Each structure stands twice: as C-alpha cells, then as structure tokens.
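Working notes for the structure below.
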Amino acid sequence: MAILSSRRRSAAIGVAAVAGLAAAGVGFAVGGASAGTVSGSLYRDPSSAVVRWVAANPGDSRAAVIRDKIASQPQARWYANFNPSTIQSEVSSFIGAANAAQQIPVLSVYEITNRDCGGASAGGAPDLNQYQTWVSNFARGLGNQTVLIILETDSLALQTCLSTGELNARNQALTTATQTIKSANPSAKVYLDGGHSTWNSANDTANRLRAAGVQYADGFFTNVSNFNPTSSEANFGRAVISALNGMGISGKRQVIDTSRNGGAAGDWCADDNTDRRIGQYPTTNTGDANIDAYLWVKPPGEADGCRYTAGSFQPDLAFSLANGAPNPPTTAPPTTNPPTTAPPTTAPPTTAPPTTAPPTTPPPAGNGCSAAVAINQWNGGFTASVNVTAGSAAINGWTVTVALPGGAAITGTWNAQASGTSGTVRFTNVGYNGQVGAGQTTNFGFQGTGTGQGATATCAA
C-alpha cells in the first residue's frame, strides 16, 4: 500500500512529511497498565513492505541490518485507498491475524476528503458522505478486541486550505468517525491528530481537538509528521492534556510516533537527511501515565516524496535509519492475561486463527531450550510465530528445526535466519536475540504458502 506524504510547517520553518515483535501468544488487555491505558504486545505485520523486501533480497548487503532493526518491529498498517466495497474484508483479515496472535494491531486511517490540502499526499474520499460510508465499512471489520486507531494524520494540524464551512464539516466528520469506530468496537482506542511540538501551540491544538470530538476519543497522536525528540513530544503532550483539562475534557492520553526521531533534526524531508535514525522501539510500556504507546506509525524506509515517490519503500532510506541505531530489546514485553471477551460478532476474519494451541511444555533443564510454534492459517497461506524458551540456564545461540507439512513452502522469515524452504527447515538466531536468559523467551516467525497446520518445532542450544 502506498503511504503518502506532505510538507509541514512549524512556527517559521517547513518540517516533516507523513505517511504509515513481540512474542506471539502474549495476551493483551486494556486497563490496569502501569503507564497509560494500554498494555500488551503490539502486532507485527508479516506482510509489510519492509518484510517483503527483506524476504526477496536475502543477499543484499543491507538486508541484515534492515531485518534486525526495522522488519522485526511492529508498525502501523495504513488504510489510504478509497475502497468502500473491500475495506471491511481487508480490515477483518488484518484484525483476525492480530487477534490470533493475541497482540494489539495499529491501524492508520488516512482517507479524509481533501487530504493534505491537495499536496503530495492528495487524495481521500471524494466527499464526506462517501467518507462516512467508507468509515462505517472499515469499522465493521474491527472485531471487539483491543486495536489502536490513528485517525487521519494532519487532518487537524493542517487546515489552511479549508473554508469555515469545510472546516466545520471536517470536524463533524471526524467526530462521527470516532463515534462510529467506538460503537462498532468499544475496545478500540481512537487517537486524533495532534500535529507535533513544533507546529501549532498546545492551546491551539487542544481547541482543534475539542472541535473534532476528542471527548469521544481516547486521546491524540503526535510526531507522525516530524522527527522531534520523544522528550519534546511528551512535554508538548502534557501541555495539550492540561489545556484539554481546562476545557473540562479529562482522561485523554497521547501516543507518539518514534519511528524516525532518533537522530538529527534539520531539513523537513527524511528522504534527504542521512543523519536521522530510528527512535525508540515500539512499545506500550512507556513508563508515563500520559502516554499510551510509542508507535512506529510512519514505517521507516518509506519515502516522504522528495527524492522518491511518497510512500514507496526504499532500502537505502531504511538502511540509513537503521545503521548505527541500537539493537531492539531482547526481553519479552510484560505478559497480561488473555482477553476474556466473547468472540467478535462482526463478520469472521478471512484469516482463521490457529486451530491448535501452542505446546505448553515447561522449559528444559540445563542449557537446553524448547520451541513452540503457533500457526495462523488462511486460504493458500499461513504465518507462524515461534517462541524459543531457554531452560534453567541461559543460552548463547539457538537453532530451531521445524518440520513442515507436505506442500508447505516458506516465503519469508523474520528474527531468524532460515536454511531451506520446505520439508525440514532449520532456523538460527540473528545477532540480537541469540542470548536468552534462564527461563526467558524470545520469538521469531515465518510465512509461507500451502498448509502450515501440523508443523512441529524442536530447539537446540
């Protein structure tokens, strides 16, 4: 999917451009989090542009860095095409895969009429009536478990092209969209556009959020359209929350895009800045009660529209962002109890959840390891998530052997290196996840064609 981009403004300078793994089987829940209102592991899309590129270019000198530091991480799935007849099934399929993994998906909705004020990311629904139809169909695919919705990047921070009447209509459309999503899935977390800390003031941002119905949402997102440090965005978010509280709107939280804010500031377009790096890895464990999550909304490596077509994946951009950046954390995110809500009452997803639970055998003694594989099967293909657990002593390096059913073939792997594509396939750790503490778990995954049900896994350290 193309994720588009546009130019941004701060007080006097042009700034950024927009666009869009935790262990499988980790439960997720809303509420009771030590920081923010969301807890649990975020869902890593196994069919994202970066994952597909890594799978198709194993011999590229940049592939290992991009794989380990970008493709391994959960990022937002963007919905930017006006496709009212198919959007429900597309969303349902994505949500079904995330629910099967008991992880939290992040969806970025980018479909508002007169998107980007006709700039590089122009597009969206032809009119606001058709927008509401699209949103209604989108919402029907969301199921009833926790999802994070990034609703319409730049729709509030960038309003220079709108007349008073058009602005009022947009605000009403965003209010209705929020209510539609929350009605379809009360567990959905909806965040509206808060711009970023070097664009509009906190008071102005709060007024725009109030006009667009933030009282019905869970909060706001910032920094999708910039590269500002996380600390600056957090301070800005606190000021916005304070301003909202002064308006009688309480209980709102912030999410921050940290996908590209780990390096130098400067020119507005990431396509042209080789000093920029990926920022904090995505997590719901923020340690800040005002912040629900640090997310990678804008996928690292997807262009802003300067040197390359907006939204296209460019490996040199991805490598520039990832090269020299810290490795991802190796510890698994905190576990929570799996959701106890009933299955979705909406149309079932086209990706069926696993029909068998992963093995629950205890970790082996000594320096051994165990492996448990969970399959998410759909018509013609599957994804697999494999937990590798150390025994009573830490291990330094592991090899997992997976026996695939006849006819199954692997087309992509993440967080591991694969030897073979069918039959018995050996997976070895990558640089950052070979050391596993005693009793601790790390994770890798793969996708393939055919039937994955019945695959078994064994581990050797």
**Prompt:** Does region 199-218 hold any residues that are outside any loop (DSSP other than H, G, I, E, B) and more than 19 Å from N168 (Cα to Cα), and which are they?
**Reply:** A202
**Prompt:** When region 235-248 is examined, which residues are found to be buried (at least 19 other Cβ atoms within 10 Å of the Cβ) and either on the phi > 0 side of the Ramachandran plot or of a type outside the set (F, W, Y) (or both)?
**Reply:** G237, V240, I241, A243, L244
**Prompt:** Does T442 count as crowded, with 17+ Cβ neighbours inside 10 Å and farther than 21 Å from W53 by Cα?
**Reply:** yes
**Item:** Check on L295, at pLDDT 95 or above, of a type outside the set (G, A, S) and not assigned by TED's automatic domain parsing to the domain that holds Q453
**Value:** yes
**Message:** I'd like the residue in region 420-451 that is polar (S, T, N, Q) and part of a loop (DSSP other than H, G, I, E, B) and, out of all such residues, is modelled with the highest pLDDT.
**Reply:** S422
**Message:** So for region 45-54 (the condition being of a type in the set (K, R), under 18 Å from A384 (Cα atoms) and not in a helix (DSSP H, G or I)), does at least one residue qualify?
**Reply:** no
**Request:** Go through A188, A217, A211 for me and flag whichever is assigned by TED's automatic domain parsing to the domain that holds D257 and over 18 Å from I149 (Cβ atoms).
**Result:** A211
**Asked** Looking at region 400-419, which of the residues that are not hydrophobic (A, V, I, L, M, F, W, C) and not in a strand (DSSP E or B) is modelled with the lowest pLDDT?
**Response** N415
**Item:** Among the candidates F227, F236, F221, residue that is in a helix (DSSP H, G or I) and within 24 Å of the chain's Cα centre (by Cα)
**Value:** F236
**Matching option when the condition is buried (at least 23 other Cβ atoms within 10 Å of the Cβ) and modelled with pLDDT of 95 or more, among T146, T133, T113, T164** = T146
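The values are calculated or read from the model by the stated rules, or taken from the named source; none is laboratory data. Everything numeric in this text was worked out from a predicted model, so none of it was measured. Cβ: placed from backbone, ideal geometry, glycine included. Neighbour counts: every protein chain shown.
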